[in-house]
Amino acid sequence: MKKWIPNAITILNLLCGCVATLYAFHDQLMMAGIFVGLGIFFDFFDGLAARLLDASGELGKQLDSLADMVTSGVVPGIVMYQLLSDAVGMDLFSKSIDYTASAKEHFIAHSYLCIIGFAITAASCYRLAKFNIDTRQTDSFIGLPTPANAMLIISLGIIAQTTSIDWVYAALDNPYILLIITFVSSFLLNAEIPLFALKFKSFGWSDNQLRWIFLAIAIGLIVALNIYAVPVIIALYVLVSIISNASTKKTAAV
């Protein structure tokens, strides 16, 4: 019976992703972000529960990736679609479109541009499939994990809908900047960049110095910057990982 507990937690991740999908399709990105956050919370604890209960298995591994595909793959793709739709002033599913001959071509070009946002979903799918067969990613990650990428994209969506800072709103309402973010996100998901994992196998200082320091900095940034901290934390995560790996290689070479 205990072997089903981690799988049940994973299913909760999936259910949160389904609810987040509904909110994202209705452009309610704050609520979508809340349910993605809950899903990522369950995603963290299903692995922890599996280790504590000695209930790890192939089924749980596959189930985890399938749930992540919804919560951390489909939802950020929808969020980017919504951001691009808002930026170009077009929505493929709008019921109030002027289908005059002069407007139709313009509408088609711009509405289908928004679908490029789903490149994030495609890249997430590829990253999750690759993760399941990559033996190098047992204690660390290669490429940005899908939950981290999901938090990045969804935080940008929430910021775009709530910010009162003119230049931030202008940047997130610019389709060209959004397309750049889409391609950078898709690249980072599958880039051959080693990144440290935040999952603790023990809570001692000696084995987790980098994790504890990073978490302390992240908490400080959240307190100081609120939702604006999320993109900063993700960028810092990638940067610190690159510096840490470069330092390790240099030490090993010496």
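Which residues' amide hydrogens lie under 5 Å from the amide hydrogen of ILE193, considering only partners 5 or more residues apart or on another chain, with H built in the peptide plane?
Residues meeting the criterion, in which the H sits 1.01 Å from N, are GLY143.
Starting from the 7 Å offset along Cα-to-Cβ, what nm value, one decimal, do you get for the label separation of ILE222 and LEU59?
Going by the 7 Å Cα→Cβ label model, 3.3 nm.
Among LEU83, LEU63, LEU225, LEU189, what is the fewest-to-most ranking by other Cβ atoms within 10 Å?
By the 10 Å Cβ count, ascending: LEU225, LEU63, LEU189, LEU83.
By how many nm would the segment from TRP212 to PHE25 grow when fully extended, if each residue of separation counts as 0.36 nm and the alpha-carbon distance is taken off?
Full-extension gain reported as 63.7 nm.
Can you give the alpha-carbon Rg of region 4-200 over 2.2 N^0.38 Å, where N counts its residues?
Cα-based Rg divided by the globular estimate yields 1.10.
Using alpha-carbon pairs under 8 Å, 6+ residues apart, how would you state the relative contact order of region 148-235 in percent?
42 percent
Work out the charge dipole of region 4-200 with +1 on the Cβ of Lys and Arg and -1 on the Cβ of Asp and Glu about the Cα centre, then indicate which of SER185, GLN161, VAL79 is farthest towards its positive end.
SER185
Using 1/(1 + (r/R0)^6) with R0 = 22 angstrom and r between the beta carbons of VAL238 and PHE44, what's the FRET efficiency to the nearest 0.05?
Plugging the Cβ-Cβ distance into 1/(1 + (r/R0)^6) gives 0.70.
Using 0.36 nm times the number of residues separating SER247 and PHE187, minus their current alpha carbon distance, what extension gain do you get?
19.2 nm
Between ALA171 and TYR112, what length in nm is gained on full extension when 0.36 nm per residue of separation is reduced by their alpha carbon distance?
19.2 nm
Over region 4-200, what is the mean sequence separation of C-alpha contacts under 8 Å (at least six apart), divided by residue count, expressed as relative contact order in percent?
Once normalised by length, the contact order is 25 percent.
Any read-out appearing in this document is the output of simple, stated calculations on the displayed coordinates, not a laboratory observation. The structure presented is a predicted model; accordingly, all values stated were derived computationally and were not measured. No Cβ is skipped: glycine too gets one built from the backbone with ideal geometry, and neighbour counts run over all protein chains shown.
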